[in-house]
Structures are given as C-alpha cells and as structure tokens.
C-alpha cells in the first residue's frame, strides 16, 4: 500500500519530542526499524533520526488496509504514522504510539532487502555500506555526540571573546614536508591541501587578539593505525600575548568543558554507545603535567620492568604505543610538555632555559587514547624564525608573509589544534576513529 504524502490535522512531531504530546494524537514521519507480530497485535518500531519509538497496532481498531500495510512493511521502508502517545516505562524512550493510520511512502522490496541486518557484519562490509550503517542507533548516537562536541567547541571560544576566522584549504607551501600533504594542480602552480590552519590564524590573531578556526584538514601519511584519518576536522585557537602556561590552562578548561557538556546533554547517546560514564565523570581540571624528560623515564622504567616491549630512546618523538602507555597511567588527560625542538615543527619557540627544547605541549587522553591536542608557544623572533626556515629547507619566499608577522609588531603568542575525531573517539570510547565521522577517508578507503 503506497500513498502520497498528504496534509494531516494532527501535529507533526519528532520521536525525541513525543513526550510533550502524551495523551494526544500525533503524526510521526520516519522509517521502519523493526517489527514484531503477536496474533492480532503488531509491534512496529519506527525511527526518525531523533530516536526510536514502538508502535502498537490493534487489528480491531484500524482498517484492514492499515493493518495489512504495517504487517507487510519491510525494514527501512519509509512511512508516516498517526496515533495517540502514551507513557510506557517498558518501551524504548519511555513512550509508545497507538497507531490509528499509516501511509507507506516507499516499501523496500523483499527480493532486494535492506542489507544491514541484526546479524554480525564485518567491518569491511559495514564501511562499504557506510551510507546505510549510519542509520543504526549506535552510529546515529555517535554522530549526535560529534555534533555536540562541535557545538560545545564553538560555544567555548565564542563565549570567551574569540573570533572565528577561516583559513584557506589550498596553501602554496608544504610547511612540514611534502610527503605528508596532498598536492593539487592550481592553474599553473602547485598547491597543497592544508595540514592545518595555524599559520594563517596566527595572522588573524595579530589583528583580532584571540581567534580560532574550525575546518577540514588533510594528511597524506600512509598510516593504518586506529587513530589516523586522511581527512579530518580541526579546531585551532590562537592567542596573541599568550605563553605556553596560558595555553595549557586553556586546553584543560576546553577539554573539561567538552566532556561536561556531553555528560549534560548527550548522556542517553553515550549510554546507547555503551560508554563507561564513570570514567568521563572523573575528568576535571587541573590535569597532571609532566615534562618530556619525565615521560621518557616512565617509558624506560616500563621497559626495564618488561611492561612494554620496545625501549624508547631519548630524543625521539612518541609513537602511538608510547602515547598509549603514558596515557594509561592517568585517569585524566595528561599534559606532556617541552619536547626536543629537533622532533617538532620549525615555528615553535625554544625554551629559554634549555634551547634544545621547544615550548610545546601534547595532551594525551586517558584510557590509552593518546594525543588529542597538540600546541605550542610560537616563535617570536624574526631572525630565529628565518634561520629555522632555512634549516628545514623551506622556501623563504613562500613564508615571506609569515615572517612579516614578526617583522611588524611581533609578540609572544600561542595556540593548539584539536582533531574533532580523536576527541569523539575518546569521549565515546570507540576502538577506531573511522566511526567518528560520517564518511571516513583512510589509506584504503575512498568509497562511499
């Protein structure tokens, strides 16, 4: 039974808002999620993107056409139903709807059924069908948490006097080596998809004082770890007249704000995902802070006690296994600061007490999730920055504008970047970052 969408006299509502209409007749527009039958009773479950609700269809209380239409519905068929809302603690969401009428917009054919069923599917199958997998309650809940984190990030900076400024996605120079960027033909020139908006928002920070950017970034690293995507979203604040200590305070306030907002507004979604909320409830500032030197000693001691396999050599950057071990030692995010300048980007300010170290910080999420924030105090000296550009073999002409920021009113300034997907993975307790974005782009994934 297929029928065109028609006007209805009952109010149209979403499943999320259905409790406001208890005892009233409403219309819900959605899709069939599941269907149980018990004699002359039907128990269809519908979803509409905001939630799931159970319907009850009593054969004697509806027309034969309506009863048969619902009885013959297939999974993910689109349907508009009208009925009275009633409270029921046993039902999903605490409410159910006594269906009186239904219009089927499109019935999925039985000979070509919806491919994702309650049975177990492999990850490759689910990623190939990502456009449909997103409809499952768990995946939908993850995307709602992601949206909350994005909104919370904007609210945090907007409410603290930061101005949103948008850096370009196409850039003329490979700031940290061409092997980790995607080249793009730009008319008669070579351009690259941005790794970060940081250099550009340093410029807007010199104009506006406190700024942030939020947008897509791209990394061409051929990494297969559970923490890496080739396309992801970053939020990056930058502050004029800020030091590393200022930056670390901002970072811990920011992360705490995000976690508390999700606990406040997305607790049902986190429960749907199966997150251990007790671990998130422990997140509060201040966070523990350790130096790179202390972190190295921690890793070397763990190797000596045979807690980890590989011995970490001083002077290197931490890999995923190293970050995992360090972060597992803390119940809150841990801030590791002052790495060797040799393993960090050219623009980081050296520590005046130990010039071989950079005034930088990585924030490692607990439970083994590793780095979610990386930031630094930026180099303020024109001469030293020019020297570093030459040392890294970067084209001076491409960075002339960046050098100008130190030439015309240079000041101490600092900023960090947080990948949205890594924050979502940690807050949701996900094993792999590929579930944190609607359509993941990884080393071997460009479809759908």
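Taking the longest Cα principal axis of the chain as reference, the axis of helix 382-391 is set at about 80 degrees.
Building the convex hull from the alpha-carbon atoms of region 34-160 and averaging its projection over directions returns 10.9 nm². The Cα-based radius of gyration of region 15-106, divided by its Kirkwood radius, gives an Rg/Rh of 0.92. Taking the Kirkwood radius as Rh and the Cα radius of gyration as Rg, region 269-321 has a ratio of Rg/Rh equal to 1.15.
Once you keep just the Cα pairs under 8 angstrom separated by 6 or more residues, what percentage relative contact order results for the chain? Normalised by residue count, the contact order of the chain is 13 percent.
Peptides 341-348, 329-336 ranked from most to least packed, by the mean per-residue count of other Cβ atoms within 10 Å: 329-336, 341-348.
Looking at region 327-448, what % of the alpha carbon pairs are farther apart than 17 Å?
Tail fraction, whole percent: 66.
Students often get this wrong: which residues of region 255-273 have the backbone nitrogen under 20 Å from the point 7 angstrom along Cα-to-C-beta of residue 155? Inside the label zone: 255-272. Relative to the dominant Cα principal axis of the chain, helix 244-265 is inclined by about 10°. Computed packing ranks the peptides 264-277, 382-395 as 264-277, 382-395, most packed first, by mean other Cβ atoms within 10 Å.
If the chain linking residue 279 and residue 90 were pulled fully straight, counting 0.36 nm for each residue of separation and taking away their Cα-Cα distance, it would gain 65.2 nm.
Each 20 Å bin, from zero up to the one with the longest distance, holds this percent of the alpha carbon pairs of the chain: 22, 46, 25, 8, 0. Ranked by the mean number of other Cβ atoms within 10 Å per residue, highest first, peptides 93-106, 191-204 order as 191-204, 93-106. Which angle between 0 and 90 degrees, to the nearest 10, do you get for helix 137-158 versus the longest principal axis of the chain when only C-alpha atoms count? Approximately 50 degrees, to the nearest ten.
We did not get these values from a lab; they are worked out from the coordinates using the rules stated. Because the structure is a prediction, the values reported are computed rather than measured. Positions of Cβ are backbone-derived with ideal geometry, glycine not excepted, and every protein chain shown enters the neighbour counts.
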